[in-house]
1. Heavy atoms only, probe 1.4 Å: what % of the accessible area of the range 36-112 goes to carbon and sulfur, would you let me know?
2. By average Cβ neighbour count within 10 Å, what is the ranking of 60-72, 368-380, 336-348, 13-25 from highest down?
3. Taking a point 7 angstrom from the Cα of SER230 along the C-beta vector, which residues in the range 144-174 have backbone N less than 19 Å away?
4. For the residue pair ILE244 and VAL341, what label-to-label distance in nm results when each label sits 7 Å from Cα along the Cα-to-beta-carbon direction?
5. Suppose each label sits 7 Å from its Cα in the direction of the beta carbon; what would the SER163-ARG559 distance come out to in nanometres?
6. What are the semi-axes of the equivalent ellipsoid of the range 1-138, taken as the square roots of 5 times the eigenvalues of the Cα gyration tensor, listed largest first and rounded to whole Å?
7. How far, in nm, would the chain grow between SER41 and THR94 when pulled straight, counting 0.36 nm per residue and subtracting the alpha carbon separation?
8. Between TRP438 and ILE184, how high is the FRET efficiency from 1/(1 + (r/R0)^6) when r is the Cβ-Cβ distance and R₀ = 41 Å? Nearest 0.05.
Amino acid sequence: MAGQSRKWMILVATIWIQAFTGTNFDFSAYSSEMKAALEISQVQLNYLATASDLGKAVGWSSGLALMWLPLWAVLFAAAVMGLIGYGVQWLVLTNVIAVPYFVVFLLCLLSGISICWFNTVCFVLCIKNFPATVPLALSLTVSFNGVSAALYNLVVKSLNPSSSSIYLLLNAILPFLTSIAALIPILRQPPNESQHSDLIKQDQLTFLKLYLLAIVTGFYLLFLRPSDPSTACLLFSGAVFLLILPLGIPGIVYARHWFKRTVYPSFRLDASGFILVHSEDLEIHKELLSRSNSVANGLTADSVINNNNSEGVFEGEKSEGCLCGAQLTMLGEEHGVGMLVRRLDFWLYYVAYFCGGTIGLVYSNNIGQIAQSLGHGLMNSKLITIFSSFSFFGRLLSAAPDFVRTKFYFARTGWLAIALLPTPIAFFFLATLGDDPWAVQFGTALIGLSSGFIFAAAVSITSELFGPASVGVNHNILITNIPIGSLVYGFLAALVYDANASSPRVVSSMANSLVCMGRKCYFLTFVWWACISLMGLGSSVMLFLRTRPAYHRFEQGRRMIMSSE
């Protein structure tokens, strides 16, 4: 049981790391001040945001580091990169030192790489210690990355509400301190143990309790607003308490073991309804399909797919030709890079992510300028908290398919299409009612909810569609759309902003930089973003229609396995 308690300590440590390393979400809190200090245009400011997102494109570097360094060393390397990247930016913003614009660009890039390395450490910890419940572990821990901005807002308001540069100082220090706090659980990782079905079901119930606690944490950060520094300090202490509270899990594990062994040994958990798509299930499913393919007659898992989707597709996938029109016939088949880029389903998935989740991230980078131009500058920190909190809820919702699977089965790609629906609605809403503060808050909440779901669900979808063993490489290929989207969408917004800032009717002055004021500054941007997100929605619907037979086949195979046990 010691190993069981230690793995939960590792999960709590992973939650801490994620909660304090989502530093890219507070960029909009200090972006206006950065623009004024560096005397740069909106286009140049967008390049800095792109540099931070560009760190995700070199996510493979963390994998190389893990080949040569222990996990704790990679964790502290990430912390040091963030300390230097954000720390030097803070010195620039407070006029302690002066550096060229290109150096600031490199500092933003270094900061983005540090976030990617932190995420890799968390992914490895979850996969290694929760092999049978990886989707639940990843969804829960990644969700806390969305509350970083809300937590940092509380710290800033408790220290110095008038200074936005303090965000950069906190971005440098807090992840480093969190890494120190998480060091002991990481060094004391339990050995790999085989997990029997009863233990897996108990883990799933524990995850359910943690999800409920996470929901409480999200509502706490969303609805309790500080009115003064002392209240902000008190609220931050409460948030830290909620993050520490899961440390009681090891004691609960021991108590549950004692209760089961001495008080109620006959208690069973056979009615548990959490069925997850993980690598072992996929391997069993493949074996079942290979056996059922040899059956000429009778009800088999193959019979739910039309004849033109069976043997011909398998042969086509093994060939070197184009797979553009071939549909997936089963989940979990391993795809190498060459096979992946020749698969139409991958590019539909890529476009859905590019036109959905990524555009939400770009919106979060521009919240500061959007609020300022619409005359809601005083709401900047509030909007950041709303986006952060609803991104957190969206990430938590990404686990819904795993919780409701036995009651209501729906392909995960179908959930992806549903999650993309709020984004175009929100942008059309912002374009038409941007002057209304409540409309801006509502649109921000919808975008945060949608993008949060996509970010958290992406790893599971990539694993299911293109193979669990290849998920590391394939997911890094997928998220190359993030820096590309950050550059393209941000550049589009910056061009519209600077074009309107050149008009004397809508221009204001902040230091030596121009500030665009009025609805015109972002009206065309919102319309363009809405149309682009509609393309993403259409792509996700096509992906769902093409992959639904594979998901249905997997579910039928799983039920056949369960009925035979």
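1. Details: 2550 of 3290 Å².
Here it works out to 77 percent.
2. On the way: 60-72: 14.1, 368-380: 20.4, 336-348: 17.4, 13-25: 25.2.
Result, highest mean Cβ count within 10 Å first: 13-25, 368-380, 336-348, 60-72.
3. 154-162
4. 5.0 nm
5. Placing both labels 7 Å along Cα→Cβ, they lie 6.3 nm apart.
6. Working: eigenvalues 224, 39, 34 Å².
Result for the range 1-138: semi-axes of 33, 14, 13 Å.
7. So the chain would gain 17.1 nm between SER41 and THR94.
8. The formula returns an efficiency of 0.35 here.
The values are calculated or read from the model by the stated rules, or taken from the named source; none is laboratory data. Note that the structure is predicted; figures quoted are calculated from it, not measured. With ideal geometry, Cβ positions are generated from the backbone for all residues, glycine too; neighbour counts draw on all protein chains shown. Remember, those area values only see protein heavy atoms, side chains included, never the ligands or the DNA or RNA. Shrake-Rupley method; radii C 1.70, N 1.55, O 1.52, S 1.80 Å.
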